[in-house]
Amino acid sequence: MAKSSVQYKFLLAIALGFILGILIGWVVSATAPADLQKTLSMWFKAFGDIFVRLIRIAIPPLIFFTIAAATASIADARKLGRILAYMLVLYIVTTIASAVWGVIGASVVMPGAGLNLTTQQPPPTPPSGIDILLSFFQTDFSSLLVVGGAMTMIIFAIILGLAVAFLGEEGRKVANILSLGSRTMIGFVRIIMYYAPIAVFMYAAWLMIVYGPQMLGAYAKFLGTQYALTLFHFFVIYSIIVSAGGLSPVKYFKAQFYPFVLAFTTRSSAVSLPANMEAARRMGIPEEVYGVTLPIGATVNMDGTALYQVMSAIFVAQLFNIPLMPYHYALLVFAALIGSVATAAIPGGGTIMLAYVLAVMGLPLEGVGIMLVIDPIADAIRTAINLSGDNACTVLVTKLMGLKLRS
Ligand code: ASP
């Protein structure tokens, strides 16, 4: 109870920061002389940037610990290899599908077109195929510690997690340390999150002064498209998956209702995991299946987040007028797959990892601040779908394992 009232207070603070920021920004842009507007907008942006910088320093250790801990524990469950194999294939396929909806939606609706924002960063030159391949494998350890080295950090963490698992019993202690480290980093991000309402206020005011109400239209278009596509994935794709698993979609949606609402309001897959397990029980899924697939799914399977990250990256490219080539879209789907796996199951996790997706794409990292302004609204729906996807795939894994749903 106490936890959820904290969540609501946080949500309220973010909403308040957003509304106040828009109002103050609007008043400043309507009344203040031009040079005062410029000075104020620079200060607003600087205080918003503090938040983005704090997030950026948290990214390398956050990726390292979450992925290494997950790999070490996955390999711990080697006897359940078949469940894991089916689960991973389904998780990957559904996440790629939802990322593709994101590409289509953002390219057709073009929510960020025509605003012509400018970035203070040098214009990123789109990387070549060889550049992209080699960027996954940085040359030395220190490069793993910058946001652009995130992919190498992921590879490093996976190999390290496997090495720990191969140690068997002896490796347990290290696996525990990794899992503690992962929880510590989630705590670290939670602390930074206290600053989020202020950052939202600052960025909202800055955007209003510099880009005016035009920006609000872009946000509305973005959110409208994101909600429509995410709900399409939920209702259509998950219906197909659970039907293939031998469960009536009506039964699935009914059982999924409570975890959906809980995830929508708490915006955390981790917090909503117990409710998702209860829903799995109600669908008749055996515990030996959901006990494995749901906890791992809560951390790694995030269809809603992948869709959102893809849409956000294209939105940012449109805002800054940066053209994207067809192969960039393929890279983006891949980056969002990795980005969503690496996203922590906490409020705002997907926007933190958006920094990674933007960095891989060579897009301006200011995009994180821009997306932060509407994050609570975008996060609610993506979390609800992140969680629901785990259960849909679990129904099909049960069928593929030759097990029966209990009626
Ligand atoms: N809040 C999401 C979750 O817990 C992650 C995200 O921010 O995309 O699933």
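Annotations for the structure displayed:
- Of note, residue 128 satisfies the criterion of being of a type outside the set (Lys, Arg), modelled with pLDDT under 90 and over 23 Å from the mean Cα position of the chain (by Cα).
- Tabulated pairs, the stretch 338-351, first under 19 Å from residue 294 (Cα atoms), second aliphatic (A, V, I, L, M) and near the ligand (Cβ under 6 Å from one of its atoms), C-beta under 6 angstrom, 6+ apart or interchain: 340/302; 343/302
- Conditions (1) within 13 Å of the ligand (Cβ to nearest atom); (2) part of a helix (DSSP H, G or I); (3) farther than 26 Å from residue 216 by Cα; number of the one not met by residue 327: (1)
- Only one of 152, 66 that is of a type in the set (S, T, N, Q), farther than 30 Å from residue 234 by Cα and either buried (at least 23 other Cβ atoms within 10 Å of the Cβ) or at pLDDT 75 or above (or both): 152
- Residues (crowded, with 24+ Cβ neighbours inside 10 Å and either of a type in the set (Asp, Glu) or part of a loop (DSSP other than H, G, I, E, B) (or both)) located in the stretch 344-363: 344, 345, 347, 348, 363
- Cβ-Cβ distances below 8 Å connect the following pairs, each with a first residue in the stretch 281-298 that is modelled with pLDDT of 80 or more, a second residue that is small (Gly, Ala, Ser) and not in a helix (DSSP H, G or I), and a separation of six or more residues or different chains: 284/407; 298/345.
- If you check 322, 352, 346 for being away from the ligand (no atom under 11 Å from the Cβ) and of a type outside the set (Asp, Glu), only one passes: 322.
- Any chance residue 373 is away from the ligand (no atom under 13 Å from the Cβ), out of contact with any strand residue (DSSP E or B) (no Cβ under 9 Å at 6 or more places or on another chain) and more than 26 Å from residue 236 (Cβ to Cβ): yes
Every residue, every condition in (1) of a type outside the set (Val, Ile, Thr); (2) modelled with pLDDT of 90 or more; (3) in contact with a helix residue (DSSP H, G or I) (Cβ under 8 Å, 6 or more places away or on another chain), yes or no:
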site: 197; (1), (2), (3): yes, no, yes
site: 200; (1), (2), (3): no, no, yes
site: 203; (1), (2), (3): yes, no, yes
site: 210; (1), (2), (3): no, no, yes
site: 217; (1), (2), (3): yes, no, no
site: 229; (1), (2), (3): yes, yes, yes
site: 240; (1), (2), (3): no, yes, no
site: 246; (1), (2), (3): yes, yes, yes
site: 252; (1), (2), (3): yes, yes, yes
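- Residue check, residue 224 of a type outside the set (Lys, Arg) and either under 27 Å from residue 30 (Cα atoms) or in a helix (DSSP H, G or I) (or both): yes
- Of the candidates 270, 279, the single residue that is of a type in the set (Gly, Ala, Ser), near the ligand (Cβ under 9 Å from one of its atoms) and assigned to a helix (DSSP H, G or I) is 270.
- Residue count for the stretch 140-195 satisfying the condition of being more than 18 Å from residue 59 (Cβ to Cβ), assigned to a helix (DSSP H, G or I) and free of Cβ contacts under 8 Å to residues at least 24 places away in the same chain: 10.
- The set of residues from the stretch 376-400 being surrounded by fewer than 24 Cβ atoms within 10 Å (Cβ to Cβ) and near the ligand (Cβ under 9 Å from one of its atoms) comprises just one member, 380.
- Residue 256 being within 30 Å of residue 206 (Cβ to Cβ) and among the polar types (S, T, N, Q): no
- Test: residue 305 is over 13 Å from residue 100 (Cα atoms) and either in a helix (DSSP H, G or I) or away from the ligand (no atom under 16 Å from the Cβ) (or both): no
The values are calculated or read from the model by the stated rules, or taken from the named source; none is laboratory data. Only a predicted model underlies this, so the values are computations on that prediction, with no experimental measurement involved. Heads up, the Cβs are rebuilt from the backbone with ideal geometry, glycines too, and the neighbour counts pull from every protein chain shown.
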